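What follows is a single structure, written as structure tokens, with notes after it.
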Amino acid sequence: MAALLFTGISSYQAQNQLQITQERQELDRQAQTADRFTTAISQLGDKSVDVRLGGIYALQDIMKDSPGDQPAIVNVLSAYIRTHSKAPKSQPSPESKDALTEEDVTAAAATLGARKPEHDGQAKVNLAGTRLRDADLRGVDLRGANVEGADLREAEYEGVQGDLDGARKD
């Protein structure tokens with residue numbers, strides 16, 4: 001009888017240890033994701049386009065690894081694009097550098113387009129009033145996105161999923 005009681009207690013302790021280990025691993029994973037998120041956000045403010053691109057692609061990886069963080073990333077990248085690609089009030093000349101979309105803005109738009117919308121929660125892609133001229137948006141998923149007043153002239157948007165009404169395309 002004592003052996004049976006000892007076996008039961010040992011089994012309970014082993015299960016308890018396993019649960020504690022799994023909880024620690026989950027907490028470690030969450031802490032690591034938070035660190036990655038913080039680092040990626042700080043990279044978005046860097047002067048170097050290469051560093052900003054690294055931050056954007058890090059956020060893309062976080063979206064894949066941690067779907068629960070996707071709504072925050074959608075909001076951050078939408079704000080990043082709106083801030084860094086405001087549509088000009090006047091028409092730039094085709095030769096002007098202002099006529100082109102910066103590589104990091106294009107990468108951020110493509111990252112948003114490659115997300116899984118079912119993980120967006122309450123977040124909405126908001127590209128209203130942005131300048132995405134010559135951006136490669138082929139095949140991106142912009143369902144539910146706000147593109148009102150976005151400048152998509154010369155952009156590649158064949159196969160875009162979503163409604164581009166309200167965007168300037170020609």
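Structure notes:
- For the peptides 43-54, 18-29, residues were scored by their other Cβ atoms within 10 Å and the scores averaged per peptide; the highest-first order is 43-54, 18-29.
- Convex hull of alpha carbon positions in the stretch 10-76: directionally averaged projected area 5.0 nm².
- Values of log10 I(q)/I(0), in the order q = 0.13, 0.18, 0.19, 0.24 Å⁻¹, for the stretch 118-170 under a Debye, Cα-only, solvent-free model: -0.28, -0.52, -0.58, -0.90
- Distant-in-sequence amide H partners of Asp151 (H built 1.01 Å from N, under 5 Å): Thr130, Arg131, Leu132, Arg168
- Per-residue extension of 0.36 nm, minus the Cα-Cα distance of Gln161 and Asp50, leaves a gain of 37.1 nm for this segment.
- Neighbourhood net charge (13 Å Cβ-Cβ; Lys/Arg +1, Asp/Glu -1) for Arg36: -3
- Near Asp136, the amide H atoms lying under 5 Å from its own belong to Glu156; only residues 5 or more places off or on other chains count, and H is placed 1.01 Å from N.
- Per-residue Karplus couplings for the stretch 16-28, computed as 6.51 cos²θ - 1.76 cosθ + 1.60 with θ equal to phi - 60°, are listed in order as 5, 4, 5, 5, 4, 4, 5, 5, 5, 4, 5, 4, 4 Hz, Gly and Pro entered as x.
- The phi torsions of the stretch 40-55, fed into the Karplus equation with coefficients 6.51, -1.76 and 1.60 and a -60° offset, translate into couplings of 4, 4, 5, 5, 5, x, 6, 6, 7, 4, 5, 5, 4, 4, x, x Hz, rounded to whole numbers, with Gly and Pro shown as x.
Where a number appears in this text, it was derived from the coordinates with a stated rule and is not lab data. Keep in mind that what you see is a predicted model, and the values were worked out from it rather than measured. Here Cβ is always computed from backbone atoms with ideal geometry, including for glycine, and neighbour counts include all displayed protein chains.
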